[in-house]
Structures are given as C-alpha cells and as structure tokens.
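S.K.: Got a structure for you, written out below as structure tokens; questions coming shortly.
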Amino acid sequence: MSINIEKLAAEALENGFDFVTDLDISTMNPMDEVRDMCAVDKCHAYNKNWSCPPACGTVSECAAEIKTYTTGLIVQSTITLEDEFDFEGIQELGVRHGKTSVAFTKFLRENYPDMKVLPLTAGGCTFCKECTYPDAPCRFPDMRMSPLEGYGIFVSDLCTKNNIPYNRGKGTLTYVGAFLFA
C-alpha cells in the first residue's frame with residue numbers, strides 16, 4: 001500500500017489538529033530515562049491502564065514496534081492561556097487534544113483499513129471512560145493510544161529533530177502526538 005503522507009497531513013488538520021508535519025521515524029529513539037519518569041506517576045496513569053507503562057510494553061519492545069513503521073506525522077494542538085495559572089485552559093486543551101486524537105484514529109481506521117497505524121498521543125488513552133486494566137483485556141485495542149512518553153520518547157527532542165517548535169510562543173501551551181504508518 002502506498003502512503004500519501006501529504007493527504008494524511010491534510011486530513012489530520014481537517015480532523016482538528018492545529019499543526020501537522022511529517023515525522024522522520026529515525027528520530028524516534030525510545031529511552032529508559034523517559035520511561036523512568038512515567039514510573040514516578042505524576043499523571044496517575046502508571047500501571048493503571050493498557051496504554052501506559054508497564055502494560056504498553058518495555059522500552060525495547062516499543063522501540064522494536066516503532067521500527068516496523070515507515071513514515072508518520074507529528075500533530076500538535078495549541079491554546080493561548082489567559083495566564084500561567086489558567087488551569088481551565090490547560091484542561092480544555094487536554095480534552096480537545098484527546099478528542100481530536102480519538103477522532104483521527106477512528107477516521108484512519110474507517111478510511112484506511114489496510115494501513116497499519118500506531119497512534120501515540122499526549123497522556124494516556126482517552127477512548128474509554130474507565131479502562132479494564134488489569135482485570136480484563138482492552139475492549140478496543142485498535143483504538144488504544146499510548147503516550148509518546150510511555151514509549152520512551154522525549155517529546156521536545158522529537159520536535160527539535162523534526163524541525164518544529166515544541167513551544168509555540170509565550171503564553172501558549174502545546175500538546176504533541178504522533179501517528180505512525182506502514
């Protein structure tokens with residue numbers, strides 16, 4: 001299957017992301033140090049769902065999975081905050097980025113059923129209200145979205161290596177995700 005990355009980028013923008021660019025898969029270098037930050041559990045998701053560590057696999061397993069993809073996109077959602085304490089704005093962006101990631105993943109699954117897709121997002125999967133982990137298998141494994149950090153990816157470094165800003169300016173907040181294709 002031939003992958004038209006320009007068409008996929010346009011479709012990602014149509015699905016609600018604020019910025020989209022090509023992803024050089026070779027710049028995705030999973031690191032144990034990033035995964036170790038997950039274990040601190042600041043986001044309260046470590047060992048609590050199928051998309052986050054340790055359930056998403058070891059760093060070496062994630063690295064091996066990434067190598068099975070040939071191309072990808074980096075996606076970003078950005079908001080201008082009222083001030084540095086604009087927690088409502090921060091939460092709003094998180095919800096919007098999560099919903100946009102789910103919508104684009106659904107779009108890809110419906111419109112490109114033969115294409116292999118790995119959605120990686122900011123934070124853990126938001127598809128289900130409550131995860132079945134660890135008591136039952138994931139209800140929707142095709143929709144599961146792991147966080148870039150859960151795969152050991154240092155997000156600001158990934159942006160730098162792909163020539164895009166991680167921070168879109170003073171007073172803004174940006175969430176970053178990636179979609180890998182094969």
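The values are calculated or read from the model by the stated rules, or taken from the named source; none is laboratory data. Computed from a predicted model, the values in this text were never measured in an experiment. Heads up, the Cβs are rebuilt from the backbone with ideal geometry, glycines too, and the neighbour counts pull from every protein chain shown.
S.K.: May I ask you to list the residues in segment 100-114 that are under 12 Å from the mean Cα position of the chain (by Cα) and not aromatic (Phe, Trp, Tyr)?
M.R.: Matches in segment 100-114: Thr100, Ser101, Val102, Thr105.
S.K.: Counting only residues that are small (Gly, Ala, Ser), surrounded by 13 or more Cβ atoms within 10 Å (Cβ to Cβ), closer than 21 Å to Ser156 by Cα and out of contact with any Asp or Glu (no Cβ under 8 Å at 6 or more places or on another chain), how many does segment 1-44 have?
M.R.: 1
S.K.: Quick one: would you say Lys7 is outside any helix (DSSP H, G or I) and not β-branched (Val, Ile, Thr)?
M.R.: no
Okay, residues lined up against (1) in contact with a strand residue (DSSP E or B) (Cβ under 9 Å, 6 or more places away or on another chain); (2) free of Cβ contacts under 8 Å to residues at least 40 places away in the same chain; (3) under 13 Å from Pro147 (Cβ atoms); (4) assigned to a helix (DSSP H, G or I):
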{"position": "Cys38", "(1), (2), (3), (4)": "yes, no, yes, yes"}
{"position": "Lys48", "(1), (2), (3), (4)": "no, no, yes, no"}
{"position": "Cys52", "(1), (2), (3), (4)": "yes, no, yes, no"}
{"position": "Ile79", "(1), (2), (3), (4)": "yes, no, no, no"}
{"position": "Ile90", "(1), (2), (3), (4)": "yes, no, no, yes"}
{"position": "Arg109", "(1), (2), (3), (4)": "yes, yes, no, yes"}
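S.K.: Out of the residues in segment 111-127 that are outside any strand (DSSP E or B) and modelled with pLDDT of 95 or more, state the one that is nearest to Tyr46 (Cα to Cα).
M.R.: The qualifying residue nearest to Tyr46 (Cα to Cα) is Lys116.
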